[in-house]
C-alpha cells in the first residue's frame, strides 16, 4: 500500500496517507470495540437472551484472544494492556460509586455497577500506545528522568480519586507535563525517513481522538455522565482528563518496556549530522 501511494502521490501527501493508515492500524483494538458499541446500539433488542453489555465483554475478550493468536499483539504488549486494564477498572469502580458517570443497562458480567467490558476501553488505549510505538518504530528523545515520569504519572492517577475530597490540582499537573516533557520529541518512521513531533502535542491530539470516542459512547447511551443532557456533547473538561490519563498510560507502557526511551538514538544523531535529511 505504501509503494502504491508513493508511486502515485506527491511525497508529502503519500507520507500523510500512510501516517493516517498506520495510526488506524495501531488503534485497531479500540476501533473494533468502538464499532461494536455503535453496531450493538443499532441492532440490539431488549428481549434478546444476551445483554448488550455482556456481548461487548465477550467480544472484547475474543478480540484480545485473536490479537494474541495472530501475533497482532505480542505477549509483552499484553502485559501492558492488562496492567492498564486493572488500573482503569479500579478507576471505573470509584468514579461510578462517586456519581461521575453511570452505566444504565443491565448485564451479567457486571461488578460494583461497572460492566467488565469497560476495562477493555482502557486496555484499548494501552494497546494503541504499545502498538503505535512498534508500528512507527518510535523513539522518545531526549527522555526526562524516568523516576520523575513515574512520580508525575502517579500524581495524575491519584488526583483522579483525590479531587473528590481535596482541591483539584489538575492545572498544576497540566503545567508539570509540559515542563517535564517539553524537550522530548517523538521520533517516528513512516517509511524510510524519520519525522518528529513534540510529545505534549502528540498527547493532546490523542486525547482529542479519545474525547471524540467519548462522544460516541454517550451518544449511544453506553455510559452517561452526571448532568449530561441527551444530545449534549461531552464536557471539554474530559478532554483535559484524557490528556492527563494518556501520560499514565504511556508511563505504564514504559514500566514494561523502555526500549524506545533514549537520550539520543543513533538515527537522531545521524539526522543532526545531515540536516538536509530532516
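The values are calculated or read from the model by the stated rules, or taken from the named source; none is laboratory data. A quick note: this is a predicted structure, and the numbers were derived from the prediction, not measured. Here the Cβ is made from the backbone with ideal geometry for all residues, glycine too, and neighbour counts use every protein chain on show.
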Problem - Which listed residue is buried (at least 16 other Cβ atoms within 10 Å of the Cβ), at pLDDT 90 or above, under 16 Å from residue 138 (Cα atoms) and touching a helix residue (DSSP H, G or I) at 6+ places or on another chain (Cβ under 8 Å), from 260, 206 - result: 206
Exercise for the section: Select, from 83, 13, the only residue that is out of contact with any helix residue (DSSP H, G or I) (no Cβ under 7 Å at 6 or more places or on another chain) and in a helix (DSSP H, G or I). Expected result: 13
Handout entry: Residue in the stretch 34-45 that is surrounded by fewer than 15 Cβ atoms within 10 Å (Cβ to Cβ), within 18 Å of residue 110 (Cα to Cα) and modelled with pLDDT of 85 or more present
Key = no
Handout entry: Which listed residue, of 221, 217, is in a loop (DSSP other than H, G, I, E, B), closer than 27 Å to residue 36 by Cβ and modelled with pLDDT of 85 or more
Key = 221
Practice task
Out of the residues in the stretch 107-122 that are touching a strand residue (DSSP E or B) at 6+ places or on another chain (Cβ under 9 Å) and in contact (Cβ under 8 Å) with a residue 40 or more places away in the chain, state the one that is nearest to residue 156 (Cα to Cα).
Solution key: 116
Handout entry: Which listed residue, of 158, 178, is over 27 Å from residue 18 (Cα atoms), under 20 Å from the mean Cα position of the chain (by Cα) and in contact (Cβ under 8 Å) with a residue 12 or more places away in the chain
Key = 178
Practice task
Could you identify the single residue in 211, 187 that is in contact with a helix residue (DSSP H, G or I) (Cβ under 9 Å, 6 or more places away or on another chain) and assigned to a strand (DSSP E or B)?
Solution key: 187
Handout entry: Residue within the stretch 65-76 that is within 26 Å of residue 25 (Cβ to Cβ), in contact (Cβ under 8 Å) with a residue 12 or more places away in the chain and surrounded by 19 or more Cβ atoms within 10 Å (Cβ to Cβ) present
Key = yes
Problem - Residues located in the stretch 110-137, provided they are assigned to a loop (DSSP other than H, G, I, E, B) and crowded, with 17+ Cβ neighbours inside 10 Å - result: 116, 136
Exercise for the section: For residue 142, work out the one condition from (1) over 23 Å from residue 198 (Cβ atoms); (2) surrounded by fewer than 21 Cβ atoms within 10 Å (Cβ to Cβ); (3) modelled with pLDDT under 90 it doesn't fulfil. Expected result: (1)
Exercise for the section: Answer with yes or no whether residue 88 is under 19 Å from the mean Cα position of the chain (by Cα), part of a helix (DSSP H, G or I), free of Cβ contacts under 8 Å to residues at least 40 places away in the same chain and within 23 Å of residue 249 (Cβ to Cβ). Expected result: yes
Exercise for the section: Could you figure out which of (1) in contact with a helix residue (DSSP H, G or I) (Cβ under 7 Å, 6 or more places away or on another chain); (2) surrounded by fewer than 15 Cβ atoms within 10 Å (Cβ to Cβ); (3) farther than 16 Å from residue 140 by Cβ isn't true of residue 176? Expected result: (2)
Exercise for the section: Please indicate, with yes or no, whether at least one residue in the stretch 229-237 is assigned to a helix (DSSP H, G or I), over 17 Å from residue 104 (Cβ atoms) and in contact with a helix residue (DSSP H, G or I) (Cβ under 6 Å, 6 or more places away or on another chain). Expected result: no
Exercise for the section: Examine the stretch 101-108 for a residue that is in a helix (DSSP H, G or I) and surrounded by fewer than 17 Cβ atoms within 10 Å (Cβ to Cβ), and state whether such a residue exists. Expected result: no
Practice task
Could you check, for the stretch 79-92, whether at least one of its residues is closer than 14 Å to residue 223 by Cα and at pLDDT 90 or above?
Solution key: yes
